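The values are calculated or read from the model by the stated rules, or taken from the named source; none is laboratory data. Being a predicted model, the structure only gives us computed values, none of them experimental. Cβ sites come from the backbone with ideal geometry, for glycine too, and all protein chains shown count toward neighbours. Quick note on the areas: whole protein, heavy atoms, side chains included, nothing else; ligands and nucleic acids left out. Shrake-Rupley method; radii C 1.70, N 1.55, O 1.52, S 1.80 Å.
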Amino acid sequence: MTLSIKINHDRAESIALHLANRATKALLDEARLTPKPGLVDRRGPGAHKDMNLAMLEASAECLTPTFAAMALAGWGGVPDMALRRRIGAIGREGEKNMMATTGGVNTHRGAIWSLGLLVTAFAMHEGQTDREQAVSSAARLARLA
């Protein structure tokens, strides 16, 4: 029995890290996409005088543990208020890390919410779902008061 629990925990951690890395990669890909007129890209800061590409990259990288923690919190769970509160708390801690990394600049607050919901939803299905079902689960979680 103990071996089975260990294998399941290892699988959860592995999938949570995979989901977190995918979320981080999405943020990095978006930051590096060029051209983005008026926005930060490889050419410069656009209209954002308070941020640059290196800051966006550092911000994205610092959020990997946040996304992994959200996925682990959601592993095998259901979209209920307890889970919503748990991932909200994890997200707020991620925001603190992001703000410390960026010197107080909000680079990815919205992404913590949206990508956090998605990694949580995929983990709720233990990585055994398609995009439509995961998005539906994320939407149910997001609609909770």
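Assorted remarks:
- Using alpha-carbon coordinates, inclination of helix 81-102 to the longest axis of the chain, degrees: 30 degrees
- Computed with a 1.4 Å probe over protein heavy atoms only, the accessible area of Arg84 comes to about 50 Å².
- The chain, accessible surface, carbon-and-sulfur percent (1.4 angstrom probe): 58 percent
- Across segment 51-145, Cα-Cα pairs farther apart than 19 Å form 38% of the total.
- The slack between Thr129 and Arg22, meaning 0.36 nm per residue of separation minus the straight C-alpha distance, is 36.9 nm.
- Against the chain, whose longest principal axis is taken from its Cα atoms, helix 131-143 shows a tilt of about 80°.
- Take the Cβ atoms of Arg32 and Glu93, set R0 to 22 Å, and the FRET efficiency comes out at 0.25.
- Rounded to the nearest 10 degrees, the angle from helix 109-124 to the longest Cα principal axis of the chain is 20 degrees.
- Cα-based reach from Lys25 at 13 Å (exclusive), listing aspartates and glutamates while leaving out same-chain residues under 8 positions away: Glu57, Glu61
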